[in-house]
Structures are given as C-alpha cells and as structure tokens.
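The values are calculated or read from the model by the stated rules, or taken from the named source; none is laboratory data. This is a predicted model, so every value here is computed, not measured. Methodologically, a virtual Cβ is constructed for each residue, glycine included, from the backbone with ideal geometry; neighbour enumeration extends over all protein chains shown. Heavy atoms of the whole protein, side chains included, go into the accessibility calculation; ligands, DNA and RNA do not. Shrake-Rupley method; radii C 1.70, N 1.55, O 1.52, S 1.80 Å.
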Amino acid sequence: MVPRYSIYKGLQKPLIYRGFKGKFIYWGIGSLVGGLVIGGLIGALTSMYLGGFLTILLICSGLGYTFFRQKDGLHSKKRYKGVIVHPVQLKITYATRKKNSI
C-alpha cells in the first residue's frame, strides 16, 4: 500500500501587506524606491529642502496612485455596459466537384 500525504494548498487568500494586495505590493515598493531615487537626485543637484519636499511628494503620489488603482482589481479591464455584437466576417465557400457523366 502506498502512503498518502496531505497536500497543503495554502490559505487561498491573496498576499496582503499594509493594505496592498498581490502585485500592488511591488507597485508600492517601486513608488518608494522611485521617489527616493528621484528626490535624492534632485536634492543633490539643487537644494536639500527641494529634494526632501519632492521625495515626500513623489512617494505620497505614487502610493496614492497605487492604492486607487488597486480598487479596479488585479486585472484592469474595460467594462462595457450593454450588449456587444461581434460581426461575422467569414466568407466560406464550398467547392463542388462535378460528377463525371459516363
């Protein structure tokens, strides 16, 4: 007799970290890193105060965009209301063979 082992299928819930789910966790991390890099570059090239202000502004706007984009779902699709009819543009012709008359 072959021993049977139970299979762990997970919790069947999406990964959630601080309100961000699934792929939006990576979007949030990208917003943080992007804001820090761009703000740091601007701060190094111009003024420390301007760089710090823009860092905070870029991080907040990136996280806000990610949060509101998350409300559309993991797969953003266009939602059409009404009935959509796809026209058929197939032209099928059947070739007929002539019977040999003997």
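Key figures for this structure:
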item	result
Subset of the stretch 73-102 [modelled with pLDDT of 75 or more, under 30 Å from the mean Cα position of the chain (by Cα) and hydrophobic (A, V, I, L, M, F, W, C)]	VAL83, ILE84, VAL85
Top-ranked residue in the stretch 1-51 [being touching a Lys or Arg at 6+ places or on another chain (Cβ under 8 Å) and loosely packed, with under 13 Cβ neighbours inside 10 Å; ranked as modelled with the lowest pLDDT]	PRO14
Residue ID - modelled with the highest pLDDT, chosen from residues in the stretch 52-69 that are exposed (fewer than 14 other Cβ atoms within 10 Å of the Cβ) and small (Gly, Ala, Ser)	SER61
Pair list, Cβ < 9 Å and 6+ apart or interchain, from the stretch 47-74 residues that are assigned to a loop (DSSP other than H, G, I, E, B) to residues that are open to solvent by less than 60 Å² (accessible area, probe 1.4 Å)	LEU74/GLY22; LEU74/PHE24
